[in-house]
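Heads up, the thing below is written out as structure tokens.
Values quoted throughout were computed directly from the atomic coordinates according to the rules given, and no laboratory measurement underlies them. Treat the numbers as computed from the prediction; the structure is a model and nothing was measured. Don't worry about glycine lacking a Cβ; one is built from the backbone with ideal geometry, like all the others, and counts go over all protein chains shown.
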Amino acid sequence: MVSQSVNTQESEIKQFQMKEIPILSFFTGGGFLDLGFEQAGFKIVWNNECNPVFADMYEHGMTAWRHSSSPNSKQAMISDRRSIVDIAACDIIEAAFPLEIPELFGMIGGPPCPDFSIGGKNRGHNGIHGPLSNVYIDRICEIKPDFFVFENVAGLFRTKKHRKFLTKLENQLEENEYNLDLRILNALELGLPQDRERLFIIGIKHHLSETFLNRELEKTERGWFPWPECPQYKDAKKLFDWPTIVQKNKIPEKPAGIPDELMMYHLLSGSNSPDKLPNGQEGFKPYSNKFNTTKEGDTNRKSFKRLHRYRFSPTACYGHNEVHLHPWENRRLTVRETMRLQGIPDTYILPSEIPLTPKYALIGNGVPVPLARHVAKSLYDLLLKGFI
């Protein structure tokens with residue numbers, strides 16, 4: 001009897017794992033958050049991107065990625081290209097679930113964040129994009145998904161005036177029967193060679209907390225979500241003896257004890273060199289003398305930051321022509337190299353006819369795919385417990 005019960009339980013788990021959990025994606029951009037969630041077992045059933053160039057790149061890139069593993073898969077499409085402000089919750093539900101609302105579904109989204117970024121204009125919720133965070137929270141409360149993910153810059157939590165706005169959003173979600181947990185995660189501490197922090201807020205419907213956690217959560221309780229961790233990379237910036245600026249015309253020695261995956265060299269060279277891949281030859285032509293004079297590893301400047309081959313990259317946040325310099329070549333990183341820096345699969349291909357500036361903007365705006373995947377996997381495993 002015990003053996004039969006175990007077999008039945010395992011069968012139910014496998015059946016659930018085969019069933020992809022539906023997700024509504026907001027502020028989709030290039031779909032890098034979507035990519036991580038699809039890799040973890042979720043299925044994007046509706047998405048939204050109002051920038052027409054970004055939407056075109058999403059459809060091309062996601063289609064290429066899906067076809068690489070499933071040639072017969074349908075072409076990826078943006079469900080609605082209007083602004084989230086102009087789309088009513090009832091229209092979203094009808095478009096996403098024309099037959100019936102599923103037993104379990106969620107929402108994910110990273111509202112535009114320059115107004116909360118320390119490196120941006122810091123205008124907060126009064127800026128051009130700031131109010132969109134409020135609209136996203138409104139849509140969550142109207143659509144009432146079983147769970148959601150809100151992603152943004154760390155400045156929304158760390159900056160005092162922005163924290164007050166974030167607290168207002170948290171209160172609204174709690175009043176609408178959601179239990180919340182939030183944490184700032186760094187892509188570097190999850191195995192990607194980029195010092196990129198992002199704030200994640202996870203929410204689940206209060207009445208489901210006992211189902212997924214085997215206990216009822218308090219209304220304002222925090223610390224209940226199993227946030228992803230990679231112990232071997234914890235406090236990576238302090239843990240390893242990172243090399244410093246390289247003197248001109250010298251080739252640095254590879255340091256011992258630093259994992260290859262945390263160094264740029266791992267992404268830029270090897271048998272699968274990025275220059276042989278689609279988008280691998282696309283990049284701005286170097287004109288300035290600074291390409292010749294900036295030393296390898298000199299990233300403590302506002303522009304013309306040259307990466308170190310045996311070090312991680314600072315945050316990839318690209319606008320206009322500002323893209324990190326290649327460690328040992330006198331040029332900026334190519335489109336494919338920056339995609340690798342964001343953990344985007346090599347099978348995700350951007351259309352060649354799109355100009356470079358929007359390509360770099362799309363890549364720099366996105367969430368690193370491995371970071372999204374780690375969060376999604378932790379969420380998926382938590383939801384899975386409710387079906388055991």
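Listed values, structure above:
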{"item": "Exposure proxy order (Cβ contacts within 10 Å, fewest to most) of 357, 338", "result": "357, 338"}
{"item": "Against the rule of thumb 2.2 N^0.38 Å, how large the Cα Rg of the range 269-376 comes out", "result": "1.04"}
{"item": "Cα-derived Rg to Rh of the range 315-388, Kirkwood definition", "result": "1.14"}
{"item": "Largest-first ellipsoid semi-axes for the chain, taking √(5λ) over the Cα gyration tensor eigenvalues, angstrom", "result": "36, 23, 22"}
{"item": "Taking the C-alpha atoms of the range 129-222, convex hull volume expressed per residue in Å³", "result": "112 Å³"}
{"item": "Convex hull volume of the range 54-102 per residue (C-alpha atoms, cubic angstrom)", "result": "91 Å³"}
{"item": "Of 251, 67, 57, farthest towards positive along the dipole that unit charges on Lys, Arg, Asp, Glu beta carbons give the chain", "result": "251"}
{"item": "Choice from 156, 188, 99 with maximal GNM fluctuation in the chain (Cα, 10 Å cutoff)", "result": "99"}
